[in-house]
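Asker: Dumping the structure here so I can ask a few things about it.
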Amino acid sequence: MLLEVHHLSVCYDTAMILNDLSLSVGEQELVSVAGPNGAGKTTMLRAISGLVRWEKEILRGSRYGDITIEGRVHFSGERIDQLPAHEIAERGLLLCPERRRPFREMTVIENLMAGAYLLKDKEAIKEHLLTVFRLFPVLKERSRQVSGTLSGGEQQMLAIGRALMSRPKLLCIDEPSTGLAPLLRKEVFQKISEVRDSGIPVLLVEQEVSTVFKMANRNYVLSSGKIIAEGTAQELLQDEVLRKTYLGL
Amino acid sequence: MIENILINGLIHGGVYALLAIGFSLIFGVARIVNIAHTAFYMIAAYFIYTFSTRMGLHPLLAILLSVVIVTLIGMGVYQLSIKPIQEHEITVLIITIAVAMVFQETVLLIYGGHFRGNPGLLTGFLEIFGVRVSYQHLLTLIVVLFVLLITWWILLRTRLGIAIRATAQDREVANLMGMNVHRIAMITMAIAVMMAAIGGVLIAPLSVVEPYMWLHPLVMVLAIVVLGGLGSIKGSLIGAFILGFTETLVVFLLPLGAFLKGAFSLMIMIVVLLLRPEGLFGVAFEEER
């Protein structure tokens, strides 16, 4: 498997956010993680991408209390949970963060260039830029616009495009549909499955189960920091209790 | 007189811009309020005084040595005394005040509190429309504008510049994009201190060198940064020239009221803040995460 998470636990001070969580993502796969608010979905992605460790270093010795991280994360056969976030990105695991977070005062093209920071070869950058523009034509139209003035949907496209600029081996996306109108959500999801089809595996955290389960290869359901179910859309939707309690379908 | 005001305003504004942009950069990238920033400018002035007046080195070599040494000192200060406590804002504030005091007291011990002068690189003057402008002033002006232009180019056109601005806007996302935020902070600190050092070596021949020469620029830099909008490089640049010209105007138009230059500048800052609390180019505060 490309990404393997083994028995990951994260505690903020005394609050246990992730509890013995294990999951995996294979090549060519689109894997979704669903679950109610506060289940630990965002923390899971932050832990995998190294941000929790970074936060731990920042908070060390402060009045907020310590963060403990346990468990192992393997990415293309290498253990990455001890690495700082920028080195994890270097190895090809990119996180497109919650609420998009474009560099608001920079233009669209500058944002994409920031995403291409890891590449030094100008030709490769050009090539990836064309790929991103092909996937998101709207970014090309707006390339000189300051990204803070883009609409929510465009900002989401930008955030995904920015993460794709370094041609990652795995793209993690955190709640891309937040704050978007239904039609735009559909478009964003459509683009995400196109990313998968172009050969980049995706780990997608998303609450909108009805659409995402159908397009994902496998799904996990997370609740109170634990994986409580795993399987294809069909398998999961057969379970009446799961459907009503956790998925709201 | 208009020409004098223009030249002096540009020089003062330019030197303030060198200081304020560096201050903004390091504030943006590492969230450090570096009170010691203008102290680097002061020690740079002392270095050039030592190298050229006392040791008699060639002025160009003296300039080069001063800038390099001060930049290295700046990087050392960042690595040893700021980085370990970087996330504790109040502690950083106190530590940088301490660093500035250490510089000031060291200089006092070595050189005493006397006012020192420093010969310029060039003598003579040029007549433009019947007004005498010394070559030293012209040279200073050109160098200041050149350095500002280079900084501008680095920030807007290079990979490093994109990384610096990205880190300033969102450290976490910059980290996610593979940028080594600590290294970028170190590089930014080097650039910022280098700009302050260039300001110091440029101002040394035009003004007096003394151990407290960092205090007034510090107040001005803080005013400029607030006036221009916290964290905005463009704001710092424009704010620097606004206050630089204000000071020059006060000095030239009120010959007996030159001591009021600081008061006028701060008044402008207050007026701008009343009309536009986020500063000229600042963005209204948003939730960070």
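Asker: Do you know which residues across the stretch B:201-228 are part of a helix (DSSP H, G or I) and open to solvent by less than 50 Å² (accessible area, probe 1.4 Å)?
Answerer: Selection gives B:V201, B:L202, B:I203, B:P217, B:L218, B:M220, B:V221, B:A223, B:I224, B:V225, B:L227, B:G228.
Asker: A:D81 versus (1) facing another protein chain (nearest Cβ under 10 Å); (2) assigned to a loop (DSSP other than H, G, I, E, B); (3) crowded, with 17+ Cβ neighbours inside 10 Å: which is the lone unmet condition?
Answerer: Only one criterion is unmet by A:D81, namely (1).
Asker: Now, a different point. Could you look through the stretch B:105-131, keep only residues that are surrounded by 13 or more Cβ atoms within 10 Å (Cβ to Cβ) and among the β-branched types (V, I, T), and pick out the one that is modelled with the lowest pLDDT?
Answerer: Of everything passing the filter in the stretch B:105-131, B:V131 is modelled with the lowest pLDDT.
Asker: Can you give me the number of residues within the stretch B:46-104 that are open to solvent by 60 Å² or more (accessible area, probe 1.4 Å) and in contact with a His (Cβ under 9 Å, 6 or more places away or on another chain)?
Answerer: Looking only at that region, the number is 1.
Asker: Please work out which residue is farthest from B:I11 (Cα to Cα), limiting yourself to the stretch B:242-264 and to residues that are touching a residue at least 24 places away in the same chain (Cβ under 8 Å) and open to solvent by less than 40 Å² (accessible area, probe 1.4 Å).
Answerer: By that ranking, first place goes to B:G262.
Asker: What are the pairs, 6+ residues apart or on separate chains, where a residue within the stretch B:20-43 that is part of a loop (DSSP other than H, G, I, E, B) has its Cβ under 7 Å from a residue that is crowded, with 24+ Cβ neighbours inside 10 Å and among the hydrophobic types (A, V, I, L, M, F, W, C)?
Answerer: Pairs found: B:I32/B:I26; B:N34/B:F23; B:N34/B:I26.
Asker: Looking at (1) at pLDDT below 95; (2) out of contact with any strand residue (DSSP E or B) (no Cβ under 9 Å at 6 or more places or on another chain); (3) over 23 Å from B:L156 (Cβ atoms), which is the one condition that is false for B:I7?
Answerer: (2)
Asker: Only residues that are without any contact (Cβ under 8 Å) to a residue 60 or more places away in the chain and more than 11 Å from chain B (Cβ to nearest Cβ): list them for the stretch A:53-71, please.
Answerer: A:K56, A:G65, A:D66, A:I67, A:T68
Asker: Name the single residue, out of those in the stretch A:166-186 being open to solvent by less than 70 Å² (accessible area, probe 1.4 Å) and of a type in the set (D, E, K, R), that is nearest to A:G92 (Cα to Cα).
Answerer: Per the criteria, the residue is A:D174.
Asker: Residues being facing chain B (nearest Cβ under 7 Å) and either among the acidic types (D, E) or more than 18 Å from B:S232 (Cα to Cα) (or both): count how many of those fall in the stretch A:96-111.
Answerer: Number satisfying all stated conditions: 4.
Asker: Taking B:S134 as meeting all but one of (1) open to solvent by less than 50 Å² (accessible area, probe 1.4 Å); (2) touching a helix residue (DSSP H, G or I) at 6+ places or on another chain (Cβ under 7 Å), write down the number of the exception.
Answerer: Going through the list (1) open to solvent by less than 50 Å² (accessible area, probe 1.4 Å); (2) touching a helix residue (DSSP H, G or I) at 6+ places or on another chain (Cβ under 7 Å), B:S134 breaks only (2).
Asker: Next question. Check A:Q207 against each of (1) in contact (Cβ under 8 Å) with a residue 24 or more places away in the chain; (2) closer than 30 Å to A:T232 by Cβ; (3) part of a helix (DSSP H, G or I); (4) of a type outside the set (A, V, I, L, M) and name the one condition it does not meet.
Answerer: Only one criterion in (1) in contact (Cβ under 8 Å) with a residue 24 or more places away in the chain; (2) closer than 30 Å to A:T232 by Cβ; (3) part of a helix (DSSP H, G or I); (4) of a type outside the set (A, V, I, L, M) is unmet by A:Q207, namely (3).
Asker: Out of B:R183, B:R159, B:R171, which single residue is surrounded by 21 or more Cβ atoms within 10 Å (Cβ to Cβ) and closer than 30 Å to A:L164 by Cβ?
Answerer: None of the others qualify; the one that does is B:R171.
Every residue, every condition in (1) within 14 Å of chain A (Cβ to nearest Cβ); (2) modelled with pLDDT under 95, yes or no:
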residue	(1), (2)
B:S207	no, yes
B:I224	no, no
B:K261	no, yes
B:E286	yes, yes
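Asker: Let me ask something else about it. With the requirement that a residue be buried (at least 22 other Cβ atoms within 10 Å of the Cβ) and within 10 Å of another protein chain (Cβ to nearest Cβ), what does the stretch A:114-143 give you?
Answerer: Those that are buried (at least 22 other Cβ atoms within 10 Å of the Cβ) and within 10 Å of another protein chain (Cβ to nearest Cβ): A:A114, A:G115, A:A116, A:Y117.
Asker: Among the residues of the stretch A:187-214, what is the count of those that are among the acidic types (D, E) and open to solvent by less than 20 Å² (accessible area, probe 1.4 Å)?
Answerer: 1
Asker: Could you please find all residues in the stretch B:173-216 being out of contact with any Pro (no Cβ under 8 Å at 6 or more places or on another chain) and of a type in the set (V, I, T)?
Answerer: Passing the criteria: B:V181, B:I184, B:I187, B:T188, B:I191, B:V193, B:I198, B:V201, B:I203, B:V208, B:V209.
Asker: Here is a further query. Under 7 Å between Cβ atoms, which residue pairs at least 6 apart in sequence (or on different chains) link something in the stretch A:20-42 that is more than 18 Å from A:L8 (Cα to Cα) with a partner that is among the basic types (K, R) and open to solvent by 30 Å² or more (accessible area, probe 1.4 Å)?
Answerer: These pairs meet every condition: A:E29/A:R218; A:L30/A:R196.
Asker: Would you check if B:G231 is closer than 18 Å to B:L25 by Cα, small (G, A, S) and open to solvent by 20 Å² or more (accessible area, probe 1.4 Å)?
Answerer: Judged against the criteria, B:G231 is a match.
Asker: Has the stretch B:29-44 got at least one residue that is closer than 27 Å to B:L230 by Cα, open to solvent by less than 60 Å² (accessible area, probe 1.4 Å) and in contact with a strand residue (DSSP E or B) (Cβ under 9 Å, 6 or more places away or on another chain)?
Answerer: yes
Asker: Does the stretch B:33-69 hold any residues that are in contact with a Pro (Cβ under 6 Å, 6 or more places away or on another chain) and of a type in the set (G, A, S), and which are they?
Answerer: Of everything in the stretch B:33-69, just one residue is in contact with a Pro (Cβ under 6 Å, 6 or more places away or on another chain) and of a type in the set (G, A, S), namely B:S52.
The values are calculated or read from the model by the stated rules, or taken from the named source; none is laboratory data. Since the structure is predicted, the reported quantities are computational estimates derived from the model, not experimental observations. In this analysis, Cβ positions are derived from the backbone assuming ideal geometry, glycine residues included, and neighbour counts consider all displayed protein chains. In case anyone asks, the SASA skips ligands and DNA or RNA and just uses the protein heavy atoms, side chains included. Shrake-Rupley method; radii C 1.70, N 1.55, O 1.52, S 1.80 Å.
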